[in-house]
Amino acid sequence: MTQRQFPSFDETSAPLAAREALLRTKRAFGAVPAPVARYASSPVMLSLALSGLEAFEKGSLAPLEREVLAMTMGHRNGCNFCLALHRRMLTAQHAPSQLVSELEAGQALSEPRLEALRRFVLAVLDERGDVSLAVWNEFREAGYSHEQALDVLAGISVYTLTTLTNRLVEV
């Protein structure tokens, strides 16, 4: 089987329209992550992914909740790069190892509030946004707001884009 072999760019070799975004990424992280280096084949994709991730980080979900969403999406879409990255991010947040293991395995979470979030993410995906009243009530009873419900959808959107793109560009 032939690999797709997407080129990997840096801030000096990328298409002109992608160079500034790669430079900002390098400044922020010290290097250009492998997926981002490949996204640069399309300045539109690069811009959309980076701006979506940045916007999601500023939303109403707590850092741990964002990681639950990211790991759920990584598991759902089979993005091994995402699972490894977000495992490291959870470790940096000192998340319980049991939570990390549950997320990696796509299992129910032992922490009820985070499980309500995970179930809501999966219901949005499975039901194409038409979440059952039972799942909605569980999400709301766990203390999540309407704003957070919409921020979950924003996270699903950006992580659908990035997890599927990561798989396409073979990282």
Review point. What number of residues in the stretch 24-35 are crowded, with 16+ Cβ neighbours inside 10 Å and aliphatic (A, V, I, L, M)?
Key: 1
Review point. Since Ser47 meets every condition but one in (1) closer than 30 Å to Ser132 by Cα; (2) assigned to a helix (DSSP H, G or I), which condition does it not meet?
Key: (1)
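Going through Glu138, Glu102 one at a time, which residue ends up being assigned by TED's automatic domain parsing to the domain that holds Asn77, within 19 Å of the chain's Cα centre (by Cα) and assigned to a helix (DSSP H, G or I)? Let's see the steps before the verdict.
Working: Glu138 fails: within 19 Å of the chain's Cα centre (by Cα).
Selected residue: Glu102, the only one of Glu138, Glu102 that is assigned by TED's automatic domain parsing to the domain that holds Asn77, within 19 Å of the chain's Cα centre (by Cα) and assigned to a helix (DSSP H, G or I).
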**Study point:** Sole residue being of a type in the set (D, E, K, R), surrounded by fewer than 21 Cβ atoms within 10 Å (Cβ to Cβ) and in contact (Cβ under 8 Å) with a residue 60 or more places away in the chain, chosen from Arg88, Arg38, Arg4
**Key:** Arg4
Study note, to complete from the structure: The lone condition Gly74 fails out of (1) in contact (Cβ under 8 Å) with a residue 40 or more places away in the chain; (2) out of contact with any Cys (no Cβ under 6 Å at 6 or more places or on another chain) is (2)
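When you scan the stretch 15-23, do you find a residue that is closer than 30 Å to Arg118 by Cα and of a type outside the set (D, E, K, R), even just one? Can you show your working first?
From the stretch 15-23, those closer than 30 Å to Arg118 by Cα are none; that's our starting set.
No, the conditions are met nowhere in the stretch 15-23.
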Point to revise | Complete set of residues in the stretch 88-99 that are over 18 Å from the mean Cα position of the chain (by Cα) and of a type outside the set (S, T, N, Q) | key: His94, Pro96
Exercise for review: Being touching a residue at least 40 places away in the same chain (Cβ under 8 Å) and in a helix (DSSP H, G or I) is the filter; apply it to the stretch 105-132 and report the residue that is surrounded by the most Cβ atoms within 10 Å (Cβ to Cβ).
Suggested key: Leu117
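Check whether at least one residue in the stretch 148-171 is of a type in the set (Asp, Glu), under 30 Å from Ser42 (Cβ atoms) and not in a helix (DSSP H, G or I), and report yes or no.
Our first condition is that a residue be of a type in the set (Asp, Glu); within the stretch 148-171, this holds for 151, 170.
Going one step further and asking which of them are under 30 Å from Ser42 (Cβ atoms), we end up with 151, 170.
Cutting the leftovers down to not in a helix (DSSP H, G or I) gives us 170.
Among the residues of the stretch 148-171, at least one is of a type in the set (Asp, Glu), under 30 Å from Ser42 (Cβ atoms) and not in a helix (DSSP H, G or I), which makes the answer yes.
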Check your understanding: So Gly78 clears everything in (1) closer than 15 Å to Ser101 by Cα; (2) not in a helix (DSSP H, G or I) except one condition, right? Which one?
Key -> (1)
Practice item. Could you check, for the stretch 64-77, whether at least one of its residues is within 20 Å of Leu164 (Cβ to Cβ), among the small types (Gly, Ala, Ser) and touching a helix residue (DSSP H, G or I) at 6+ places or on another chain (Cβ under 9 Å)? Key: yes
Check your understanding: Are there any pairs with C-beta distances below 7 angstrom linking a residue in the stretch 10-23 that is surrounded by 13 or more Cβ atoms within 10 Å (Cβ to Cβ) to a residue that is of a type in the set (Lys, Arg), with the two at least 6 apart or on different chains, and if so which?
Key -> Glu11/Arg19; Glu11/Lys26
Practice item. List the number of the failed condition for Val135; all other conditions in (1) touching a helix residue (DSSP H, G or I) at 6+ places or on another chain (Cβ under 9 Å); (2) exposed (fewer than 15 other Cβ atoms within 10 Å of the Cβ) hold. Key: (2)
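The values are calculated or read from the model by the stated rules, or taken from the named source; none is laboratory data. Model, not experiment: these values are computed from the prediction. All Cβ positions, glycine included, derive from the backbone under ideal geometry; neighbour counts span all protein chains shown.
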